[in-house]
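The values are calculated or read from the model by the stated rules, or taken from the named source; none is laboratory data. None of these values were measured; they are calculated from a predicted model. All Cβ positions, even for glycine, are placed from backbone atoms using ideal geometry, and neighbour counts span all protein chains on display. SASA here: full protein model, heavy atoms, side chains in, ligands and nucleic acids out. Shrake-Rupley method; radii C 1.70, N 1.55, O 1.52, S 1.80 Å.
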Amino acid sequence: VKPAFTPQPTADGSFTFFSPEFNEAFHSHYGAKQEAIYKFVKPCLLKEKASRQDRIVLLDICYGLGYNTAAALTAIWQANPECRVQLIALDTDVTVAQAAIAYYNRQEWPLSVLAALEQLARTQTATTATLDATLRIDDARATIQDLQQQKFQADAIFLDPFSPPQCPQLWTVEFLAKVAACLKADGRLATYSCAAPVRTALQLAGLSVGSTAAMGRKTPGTVASFAAEHIPPLSRREQEHLHTRAAIPYRDRALNNTAAAIIQQRHTEQQNSDREPTSQWKRRWMSQ
Ligand SMILES: C[S@@+](CC[C@H](N)C(=O)[O-])C[C@H]1O[C@@H](n2cnc3c(N)ncnc32)[C@H](O)[C@@H]1O
């Protein structure tokens, strides 16, 4: 029997859960809702897209409690109540979404959004005049191959797995290449992570990467797109970070390795690398 999720309040009053399996909270303690808005929805320019487009396609990788989807639907329908949204959400564990229903703040989300989240958690689909949503319960490494085969193309992709050391299988070169294949030419991918191996893997997939706003005193997130001209360039410090040993990405050639094997392989590659040690880069920039 899996342990029940224990709700934890975050600084903005929204609740998150702690995952005993991954030994990590589902959100930053600065605010689950704030994180969804500032790290995912705003960098993907969803309000701007909704005011120009009558249809938006979303891919929510690691749906969890559904905050990123909730913030996205809220922003889109505020900008254009008639905008039709196609949403594919991925997670291995539907019980997270189901347990979350009891903790949504009913004053903070529009009724249409709450109804969609509840429906998705209960039946894994939600269909209205403006929504066609599916929550696919499987390893995202399997579902992404299916989506790529179907030539699924998203305007916005939210990439929200647990951190690379806890869940490296969803940050690898091979997985992110397939994710990128599901992004429209002018689409945007957003993630809370600014980790060097993540940014390297996104670049190897052909995307330009930039930093998004830092929340609290935390590090920034990352926004990526094939349309380089709209992505804020990385600073010199950030670019140099991507040439150090820390930037060696995670690999998972057949998309079926265990987390431990993926971490071990990267560790070996780092030890054999003649790249600049990351500690040296840190010292160099500390003294500036
Ligand atoms: C950081 S949480 C996501 C938080 C979520 N975006 C939200 O707003 O609540 C990470 C999620 O990844 C899911 N997960 C872990 N391994 C996965 C895998 N291999 N494929 C798909 N989902 C996975 C977990 O069940 C968890 O819900």
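Quick look at the values:
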read-out	value
Region 236-288: trypsin sites (Lys or Arg not before Pro) falling in loop per DSSP and having at most 11 other Cβ within 10 Å	R253
Under 26 Å from the Cα of K42 - lysines, other chains or at least 8 residues apart	K33, K151, K178, K184, K218
Degrees between helix 259-271 axis and first principal axis of the chain (Cα, 0 to 90, nearest 10)	30 degrees
For region 23-131, size of Cβ-based charge dipole, Lys and Arg +1, Asp and Glu -1, in debye	320 debye
Contour excess over end-to-end distance, with Cα ends at K184 and Q239 and 0.36 nm allotted per residue	17.3 nm
Region 135-288: C-alpha gyration tensor shape, a/c 1.5 cut-off, then a/b vs b/c	oblate
Top of A102, A201, A185 by mean-square fluctuation, Gaussian network on the chain, Cα under 10 Å	A102
Mean residue ellipticity (222 nm) of the chain, computed from DSSP H runs ≥ 4 via -39,500 (n - 2.57), nearest 500	-10000 deg cm²/dmol
Tilt relative to the chain, helix 111-123 - C-alpha long axis, 0 to 90 degrees, to 10	80 degrees
Rounded to 5, the percent of DSSP beta bridges in region 1-138 classed as antiparallel	40 percent
GluC sites (Glu not before Pro) within region 77-162, DSSP loop, no more than 11 other Cβ atoms inside 10 Å	E82
For the chain, share of DSSP beta bridges that run antiparallel, in % to the nearest 5	40 percent
For the chain, with +1 on Lys and Arg beta carbons and -1 on Asp and Glu, the positive-most of A246, Q150, A260 along the dipole	A246
Efficiency of FRET between T268 and K151 - r from beta-carbon atoms, R0 45 angstrom, step 0.05	0.80
In region 131-162, trypsin sites (Lys or Arg not before Pro) in a DSSP loop with at most 13 other beta-carbon atoms within 10 Å	K151
With Cα atoms, 0 to 90° folded angle of helix 67-79 axis to the chain main axis	60 degrees
Gap separating the Cα centres of region 14-72 and region 175-232, nearest whole Å	15 Å
Accessible area of the chain belonging to carbon and sulfur atoms, whole % at 1.4 Å probe	51 percent
Dipole magnitude of region 139-270, debye to nearest 20 (Cβ charges: Lys/Arg +1, Asp/Glu -1, about Cα centre)	260 debye
